[in-house]
Amino acid sequence: MLNSSNRPPRPNLTGPIFLYALIDMFGLACVGIGASWFAAGKGALLAGFPSSVAEAVACTAGGVVVMLWAVARILRELAKQGPAMQAKFDAYVGAQHPDRANQSTDSRDN
């Protein structure tokens, strides 16, 4: 197993982040299904869907919208972890790079 003290801290995977990641994957699947029609001229991943240009455009555009929404929510959840992550990073820098510990706090003050 990797020694966790030798790597920089990472954000915690919370339930909402996981849920938004699943929603993002659904949006990616919609983009793939819609875009497959443009590549093959018919529904290549699902038989009979999309069956027209309108369905392909709607599926692709809807997938992009869902993906953007989910990514924005993931970034918002990660931002909530910001203060705790900053404290963990400062502790990591202090332990792993003591010569740079004061530089990281000084650069944020400017």
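Can you compute the helix-only [θ] at 222 nm over the chain? Use -39500 (n - 2.57) per DSSP H run of at least 4 residues, normalise by all residues, nearest 500 deg cm²/dmol.
Details: 4 runs with 78 residues, N = 110.
Taken over the chain, the calculation gives -24500 deg cm²/dmol.
Screening the chain for DSSP H helices whose Cα atoms reach 27 Å or more along their own axis and whose mean Kyte hydropathy is at least -0.5 gives 15-40, 53-80.
No lab work stands behind these numbers, since they all come straight from the coordinates. Remember, it's a predicted structure, so these values are computed and weren't measured experimentally.
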